[in-house]
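One structure is given below, encoded as structure tokens.
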Amino acid sequence: MEPYELTASEAARSIRDGRLTSEALVRSCLERIEARDPEIRAWIHVDPAQALAAARDADKRLAGNPSAVGPLHGVPFGVKDVIDTADLPTTHNSPIFQGHRPSRDAACVAIARSAGGILLGKTDTVEFASGGRKAATRNPLNTDHTPGGSSSGSGAAVGDRHVPLAFGTQTGGSHIRPASFNGIYGFKPTWGAVSREGVKHYAVSLDTIGWYGRSVADLALMAEAFRLEGMGETAPVPLAGLRVGVCRSPVWSSIEPAGEAALHLAALRLEAAGASVEPFELPADFSTLAEVQDVIRRGEGRAAFLDLYLGDRHRLHEELADHCEHNRGITARSLTEAYDVAGQCRARFAGLFERIDVILTPSAPGEAPKGLHTTGDHIFNGIWTVLHAPCLAMPCTHGPQGLPVGVQLVAPRFADARLLAMAGAMAAAVA
């Protein structure tokens with residue numbers, strides 16, 4: 001096995017145990033990128049010399065004080081190019097920001113580096129993680145298909161084993177959906193649990209930073225670095241007797257046969273493994289949350305792009321400029337009403353878990369669509385995003401075109417550590 005094939009948790013353990021150096025791992029990942037990225041196009045900026053220098057320094061620090069290393073020590077990670085990095089450009093895939101060099105790392109990058117992680121490079125994204133220009137990235141399992149978006153490059157880079165970990169963001173379904181399309185694991189924490197300082201905003205009350213890995217243990221490793229509440233204290237969860245609510249959600253009419261089959265298969269596998277599986281429906285007043293998410297996203301998007309609209313209108317994509325012009329008629333009144341519905345549903349959400357421990361629901365309608373003109377539909381993600389709930393994407397099966405189709409696990413707000421523990425018990429049965 002080549003080092004680039006290791007999961008993040010395997011690599012971190014091997015480095016700590018002295019069976020692998022960070023330099024060897026980073027060099028292996030760089031070779032993988034050189035071989036594959038001309039076709040996959042996951043990366044916008046990679047600085048091999050800088051990454052190797054950081055890896056060599058990590059190896060020296062480990063030799064000098066093995067007990068002082070962080071959970072990500074020596075492990076390389078990628079960063080979606082709407083997240084600031086001090087030593088690499090942050091372009092947002094926009095002509096307005098070509099060559100832009102922030103003076104500081106975003107908080108999430110600084111925290112990952114403090115935990116010992118090695119910044120490998122910046123991954124391609126839909127423009128401003130919002131709309132307009134699509135990433136050039138292709139699905140590594142079939143390059144005629146999208147890898148999803150807006151976290152296109154991060155999802156494909158982890159899926160194609162260029163890097164074991166990568167950051168993405170989600171405002172609607174930009175993080176969870178690419179995980180499904182690339183056959184990997186993805187974690188979107190509770191809104192507000194991870195600082196968004198240094199990240200381009202789209203909708204401030206929805207935007208959330210997440211990360212990709214190739215196992216639940218990888219996701220937990222990063223959660224440990226971010227000191228999410230309960231990490232290191234939550235006991236392992238037995239699968240036997242775990243109460244799983246299968247939620248088709250109010251947007252079920254958008255499901256495709258492959259997505260329906262994945263949800264059914266995951267439920268059957270969990271039941272066969274000893275979990276208690278039952279249908280679960282959201283209350284009737286949650287039925288408008290997909291529309292509520294859209295109103296909030298676009299309403300706050302107007303504020304997010306107004307400065308660029310006024311100062312750089314000629315270089316701002318029409319799709320983004322529309323937030324500041326017509327914006328589908330969203331008014332202060334309609335935005336206020338959307339906020340009120342969202343707040344009422346959030347307050348009630350935790351109370352829905354009296355009879356279940358975790359929600360099992362689609363992570364995408366089905367397989368990744370063909371073509372790079374689309375990143376797929378976020379319809380099965382927006383509800384959970386607007387609820388501020390932690391969400392975890394898990395591989396499950398393949399559709400008729402041979403492409404991955406995953407499922408999504410959802411828990412109450414700030415039950416992040418519990419969700420990761422439950423996912424750890426469920427993964428062997430589902431994936």
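The values are calculated or read from the model by the stated rules, or taken from the named source; none is laboratory data. Quantities reported herein were computed from a predicted structural model and do not represent experimental measurements. Here the Cβ is made from the backbone with ideal geometry for all residues, glycine too, and neighbour counts use every protein chain on show. To get the accessible areas, we keep the full protein, side chains included, count just its heavy atoms, and leave off ligands, DNA and RNA. Shrake-Rupley method; radii C 1.70, N 1.55, O 1.52, S 1.80 Å.
Looking for something modelled with pLDDT of 95 or more, within 21 Å of residue 248 (Cβ to Cβ) and acidic (Asp, Glu) - is there at least one such residue anywhere in the stretch 361-373?
yes
Pairs only if they're at least six apart or on different chains, beta carbon under 7 angstrom, first in the stretch 146-166 and part of a helix (DSSP H, G or I), second among the acidic types (Asp, Glu) and buried (at least 24 other Cβ atoms within 10 Å of the Cβ); list them, first residue then second.
As it stands, the answer is 152/124; 153/124, since those pairs meet every condition given.
Is it true that residue 411 is in contact (Cβ under 8 Å) with a residue 24 or more places away in the chain and open to solvent by 10 Å² or more (accessible area, probe 1.4 Å)?
No; evaluated as a whole, the condition is false for this residue.
Of the numbered conditions (1) closer than 19 Å to residue 134 by Cα; (2) surrounded by fewer than 24 Cβ atoms within 10 Å (Cβ to Cβ); (3) basic (Lys, Arg), residue 214 satisfies every one except a single condition; which is it?
Residue 214 satisfies all of (1) closer than 19 Å to residue 134 by Cα; (2) surrounded by fewer than 24 Cβ atoms within 10 Å (Cβ to Cβ); (3) basic (Lys, Arg) except (1).
If you check every pair at least six apart or on different chains, which have Cβ atoms under 6 Å apart with a residue in the stretch 225-249 that is within 23 Å of residue 70 (Cβ to Cβ) and touching a residue at least 40 places away in the same chain (Cβ under 8 Å) first and a residue that is assigned to a loop (DSSP other than H, G, I, E, B) and open to solvent by less than 20 Å² (accessible area, probe 1.4 Å) second?
Within 6 Å, the pairs are 225/72; 225/115; 226/194.
Looking at the stretch 217-238, which of its residues are surrounded by 20 or more Cβ atoms within 10 Å (Cβ to Cβ) and out of contact with any strand residue (DSSP E or B) (no Cβ under 6 Å at 6 or more places or on another chain)?
Within the stretch 217-238, 218, 220, 221, 223, 225, 226, 228 meet the criteria.
For the stretch 108-125, does any single residue satisfy the condition of being free of Cβ contacts under 8 Å to residues at least 12 places away in the same chain and of a type in the set (Lys, Arg)?
Checking the stretch 108-125: at least one residue is free of Cβ contacts under 8 Å to residues at least 12 places away in the same chain and of a type in the set (Lys, Arg).
Scan the stretch 133-146 and give yes if some residue there is closer than 19 Å to residue 392 by Cβ, touching a helix residue (DSSP H, G or I) at 6+ places or on another chain (Cβ under 8 Å), open to solvent by 10 Å² or more (accessible area, probe 1.4 Å) and not charged (D, E, K, R), otherwise no.
no
Which of the residues spanning the stretch 25-67 are within 13 Å of residue 116 (Cα to Cα) and basic (Lys, Arg)?
Residues satisfying the conditions are 56, 60, 61.
Give 332, 342 a once-over and let me know the one that is open to solvent by 70 Å² or more (accessible area, probe 1.4 Å), of a type outside the set (Val, Ile, Thr) and farther than 28 Å from residue 93 by Cβ.
That would be 332, the only listed residue that is open to solvent by 70 Å² or more (accessible area, probe 1.4 Å), of a type outside the set (Val, Ile, Thr) and farther than 28 Å from residue 93 by Cβ.
Exactly one condition in (1) outside any loop (DSSP other than H, G, I, E, B); (2) out of contact with any His (no Cβ under 7 Å at 6 or more places or on another chain) is false for residue 380; which is it?
(1)
May I ask you to list the residues in the stretch 251-267 that are open to solvent by 70 Å² or more (accessible area, probe 1.4 Å) and either part of a loop (DSSP other than H, G, I, E, B) or of a type outside the set (S, T, N, Q) (or both)?
Within the stretch 251-267, 256, 257, 260, 264 meet the criteria.
So that you can scan it fast, the table gives a plain yes or no per residue for (1) open to solvent by less than 30 Å² (accessible area, probe 1.4 Å); (2) farther than 29 Å from residue 130 by Cβ; (3) part of a helix (DSSP H, G or I); (4) modelled with pLDDT of 95 or more:
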{"site": "10", "(1), (2), (3), (4)": "no, yes, yes, yes"}
{"site": "13", "(1), (2), (3), (4)": "no, yes, yes, yes"}
{"site": "39", "(1), (2), (3), (4)": "no, no, yes, yes"}
{"site": "56", "(1), (2), (3), (4)": "no, yes, yes, yes"}
{"site": "67", "(1), (2), (3), (4)": "no, yes, yes, no"}
{"site": "79", "(1), (2), (3), (4)": "yes, no, no, yes"}
{"site": "93", "(1), (2), (3), (4)": "yes, no, no, yes"}
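Condition check: of a type outside the set (A, V, I, L, M), within 22 Å of residue 289 (Cβ to Cβ) and open to solvent by less than 20 Å² (accessible area, probe 1.4 Å). Does residue 189 satisfy that?
yes
Assigned to a helix (DSSP H, G or I), of a type in the set (Lys, Arg) and open to solvent by 80 Å² or more (accessible area, probe 1.4 Å): which single residue out of 297, 313, 248, 302 fits that description?
The match here is 302.
Can you tell me how many residues within the stretch 41-54 are surrounded by fewer than 18 Cβ atoms within 10 Å (Cβ to Cβ) and on the phi > 0 side of the Ramachandran plot?
Qualifying residue count for the region: 0.
Every residue in the stretch 345-372 that is out of contact with any Ser or Thr (no Cβ under 8 Å at 6 or more places or on another chain), surrounded by 15 or more Cβ atoms within 10 Å (Cβ to Cβ) and in a loop (DSSP other than H, G, I, E, B), please.
Within the stretch 345-372, 356, 357, 366, 367 meet the criteria.
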